[in-house]
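No value in this document is a laboratory result; all are computed from the given coordinates. Here the structure is a predicted model, which means the values were calculated and not measured. Quick reminder, even Gly has a Cβ in these numbers, built from the backbone with ideal geometry, and neighbours come from all protein chains shown.
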Amino acid sequence: MAQPNSEMKGIMPPERIITVKKESFLKHLVKNKWLYIFLIPGLLYFLVFKYVPMFGIVIAFKQLSIVKGIWGSDWVGLANFETLFSSSHFLRVLRNSILLSVYQIIFGFPAPIILALMLNEIRQIAFKRISQTILYLPHFISWVVLAGIVINFLSPTTGIANQIVTAFGHEPIKFLQEPEYFRSIIVSAEIWKSVGWGTIIYLAAMTGVDPTLYESAKIDGASRMQRIYYITIPGIATTIVILLLLNLGNILDNGFDQVFLLYNPVTYETGDIFETYTYRIGLQDGRMSYATAVGLFKSAVGFILIISSNYAARAISGKSIW
């Protein structure tokens, strides 16, 4: 008697499995073709502006010559990194970048969470929508305009801040020329600009919390603060952890616009960060190889931080990005 083949036994041969998978994928692709079409612009953005420029990393290990080009320039190995680490400006720039990011995380990261919790407790829909619209508006103001607002607000002659200072009998303060005030100004301006927009993510996360939990807690006599602490915050904990990890990964990425538009040589002591330092040595001084080494160092530190922060978050809270 002939032995039953694999199909008779109910076991599909490997060739048939591959064919079925291909057919299933094609059906899925045709069924969701518009979703993949809409995905193309995003993929092109990352390909053109994120992945293709990575080939320029080789500049950090060369002495770039405009005449010879990238590939024809002389190979210098780690010489640019040695120059960076031995530079008198390196520790200052590193300290300023870390401190500014730490201040942003300490004061700026909780701000949209607190604001979202407050907005979530508003029961008057009209007032809630008007409040959200007003809070979102600063996000759409460019840093050029916002820097002008800050400069006028802190002007030692016509600024509102100094008018209040002089009203109490004190001398006007040149806020933008005092290094000790610079970080506070940058962090405050960043919070004012982004806090309203940041609440969108947390408000969206709050919509996923089961309403029956609030009803049960209210029946059990839980106060509003208790419902926030024991239901709302745990319900958005995953979102908080993910955004915190992303912030930690960008701890050396403070943003170029806000600092460049408000700092000056007087405030280099506390305001000079990697972005502005790279701009000066790369574009103004023409030291492109050295500037690329600075940027590569910053990216490497950010990569290490986001990996380590992810593992730490997973060990502590059980929540992580991957």
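Less than 18 Å apart at the alpha-carbon level, and either on another chain or at least 8 residues along: which aspartates and glutamates does that give for Lys298?
Cross-link targets: Glu82, Asp253, Asp257, Asp272, Glu275.
If the cut-off is a Cα-Cα distance under 15 Å, which aspartates and glutamates reach Lys218, setting aside same-chain residues fewer than 8 apart in sequence?
Glu121, Asp210
Skipping prolines and chain starts, which residues have an amide H placed within reach, meaning under 5 Å, of the one on Lys62, given they are 5 or more residues away or on another chain?
Val76
Obtain the nm distance between the two label points defined at Trp197 and Ile114 by a simple spin-label model: each point lies 7 Å from its Cα along the Cα-to-C-beta direction.
Output for this residue pair reads 2.1 nm.
Please check: in the Gaussian network model of the chain (C-alpha springs, under 10 Å), which one of Lys298, Lys50, Lys193 has the largest mean-square fluctuation.
Lys50
Quick one: longest stretch of the chain between exposed loop GluC sites (Glu not before Pro), exposed meaning at most 16 other C-beta atoms within 10 Å and loop per DSSP?
122-322
Normalised by the residues of the chain, what does the relative contact order come to in percent, with Cα pairs under 8 Å and at least six apart?
Relative contact order of the chain: 23 percent.
What's the center-to-center distance, using Cα atoms, between the range 172-244 and the range 112-142 in Å?
11
Using 0.36 nm per residue of separation minus the Cα-Cα distance, give me the extension gain between Ser24 and Leu137 in nm, one decimal. Mind showing how you got there, number by number?
Numbers: separation 113, 0.36 × 113 = 40.68 nm, distance 4.61 nm.
Gain in length upon complete extension: 36.1 nm.
Hey, what number do you get for the chain at 222 nm if only DSSP H runs of n ≥ 4 count, each worth -39500 (n - 2.57), divided across all residues, to the nearest 500?
Numbers: 17 runs with 200 residues, N = 322.
So the calculated ellipticity at 222 nm is -19000 deg cm²/dmol.
Ile228 to Lys68: FRET efficiency via 1/(1 + (r/R0)^6), r the Cβ-Cβ distance, R0 56 Å, to the nearest 0.05?
Computed FRET efficiency for Ile228 and Lys68 comes out at 0.35.
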